[in-house]
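J.: One structure coming up, written as structure tokens, with questions to follow.
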């Protein structure tokens, strides 16, 4: 799995396949799934965070179950556009997910 911009993700995934969207919180991961046109996302699941590997496998299982071709991870920014600790945590999750 590679970290890409949204434009590059769209170009590198098969058309007509959904994406999963992740909202990484401190205790849970909110998961949404897009339709096949990638225009509408609907809530799918809530993953209670435990260990990173368990969390990652839970997300990948949801991805396989929906035959999703990509993940979009929300990047929380501060009001001034800078990145704080939560954004750094999201980037770390994405980097570690690449290793699985």
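The values are calculated or read from the model by the stated rules, or taken from the named source; none is laboratory data. On a predicted model such as this, the values are computed, not experimentally measured, just so you know. No Cβ is skipped: glycine too gets one built from the backbone with ideal geometry, and neighbour counts run over all protein chains shown.
J.: Restricting attention to the stretch 44-75, which residues are over 13 Å from the mean Cα position of the chain (by Cα), farther than 20 Å from residue 10 by Cα and surrounded by 13 or more Cβ atoms within 10 Å (Cβ to Cβ)?
T.: 49, 52
J.: Among the residues of the stretch 23-39, what is the count of those that are over 16 Å from residue 74 (Cβ atoms) and surrounded by 10 or more Cβ atoms within 10 Å (Cβ to Cβ)?
T.: 2
J.: Looking at the structure I just gave you, is residue 20 touching a residue at least 60 places away in the same chain (Cβ under 8 Å), within 10 Å of the chain's Cα centre (by Cα) and not in a helix (DSSP H, G or I)? Quick ask: steps written out before the conclusion?
T.: Working: touching a residue at least 60 places away in the same chain (Cβ under 8 Å): no; within 10 Å of the chain's Cα centre (by Cα): yes; not in a helix (DSSP H, G or I): yes.
It is false that residue 20 is touching a residue at least 60 places away in the same chain (Cβ under 8 Å), within 10 Å of the chain's Cα centre (by Cα) and not in a helix (DSSP H, G or I).
J.: Against the condition modelled with pLDDT of 95 or more, touching a helix residue (DSSP H, G or I) at 6+ places or on another chain (Cβ under 7 Å) and in a strand (DSSP E or B), how does residue 33 come out, does it pass? Step through it out loud before you land on a result.
T.: Working: modelled with pLDDT of 95 or more: yes; touching a helix residue (DSSP H, G or I) at 6+ places or on another chain (Cβ under 7 Å): no; in a strand (DSSP E or B): yes.
Answer is no for this residue.
J.: Residue 97 passes all but one of (1) surrounded by 14 or more Cβ atoms within 10 Å (Cβ to Cβ); (2) in contact with a strand residue (DSSP E or B) (Cβ under 6 Å, 6 or more places away or on another chain); which number fails?
T.: Of the numbered conditions (1) surrounded by 14 or more Cβ atoms within 10 Å (Cβ to Cβ); (2) in contact with a strand residue (DSSP E or B) (Cβ under 6 Å, 6 or more places away or on another chain), the odd one out for residue 97 is (2).
J.: Answer yes or no as to whether residue 10 is touching a residue at least 24 places away in the same chain (Cβ under 8 Å) and either part of a loop (DSSP other than H, G, I, E, B) or in contact with a strand residue (DSSP E or B) (Cβ under 9 Å, 6 or more places away or on another chain) (or both).
T.: Answer is yes for this residue.
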